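The values are calculated or read from the model by the stated rules, or taken from the named source; none is laboratory data. These numbers were taken from a predicted model, which means no experiment stands behind them. A quick note on method: Cβ atoms are made from the backbone with ideal geometry, for glycine too, and the neighbour counts reach across all protein chains shown.
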């Protein structure tokens with residue numbers, strides 16, 4: 001504590017200031033109040049009361065003029081979710097089934113080849129299915 005300075009007057013300095021963020025509803029509320037000001041000095045009093053600068057008011061008015069404040073609402077961050085097409089889902093399912101069936105076919109053909117070799121080694125004649 002400094003000599004002669006009461007404790008209540010000491011101020012704490014924050015390590016890093018936080019940027020203020022205003023929602024579209026807050027901006028529109030302040031703009032409506034500012035538009036309702038008719039007497040000299042009322043806009044200045046509004047800005048002091050809200051803790052704003054005149055540049056805030058100017059940029060918000062320009063954004064309102066461009067129509068940027070009309071549809072503002074909090075939105076989710078990140079890439080937009082793409083709607084899943086049922087045909088794409090069906091195609092992926094068919095491709096998965098095709099790979100599974102191809103693997104089964106390769107195993108079955110391998111077993112048939114082994115059976116043919118075993119029958120040749122043992123001298124067991126196989127019935128012909130018309131293919132030579």
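With the condition kept exactly as written, say whether any residue in the range 46-62 is surrounded by 10 or more Cβ atoms within 10 Å (Cβ to Cβ), modelled with pLDDT under 85 and in contact with a helix residue (DSSP H, G or I) (Cβ under 8 Å, 6 or more places away or on another chain). No. Being surrounded by 10 or more Cβ atoms within 10 Å (Cβ to Cβ), farther than 30 Å from residue 34 by Cβ and either touching a strand residue (DSSP E or B) at 6+ places or on another chain (Cβ under 6 Å) or modelled with pLDDT of 90 or more (or both) is a property that holds for residue 96. When you scan the range 74-86, do you find a residue that is in contact with a helix residue (DSSP H, G or I) (Cβ under 8 Å, 6 or more places away or on another chain), at pLDDT below 90 and closer than 16 Å to residue 27 by Cβ, even just one? No: zero hits.
Contact map, the range 7-27: residues that are under 17 Å from residue 60 (Cα atoms) paired with residues that are at pLDDT 70 or above, Cβ distance under 7 Å, separation 6+ or inter-chain. Pairs shown: 24/69; 27/60; 27/69.
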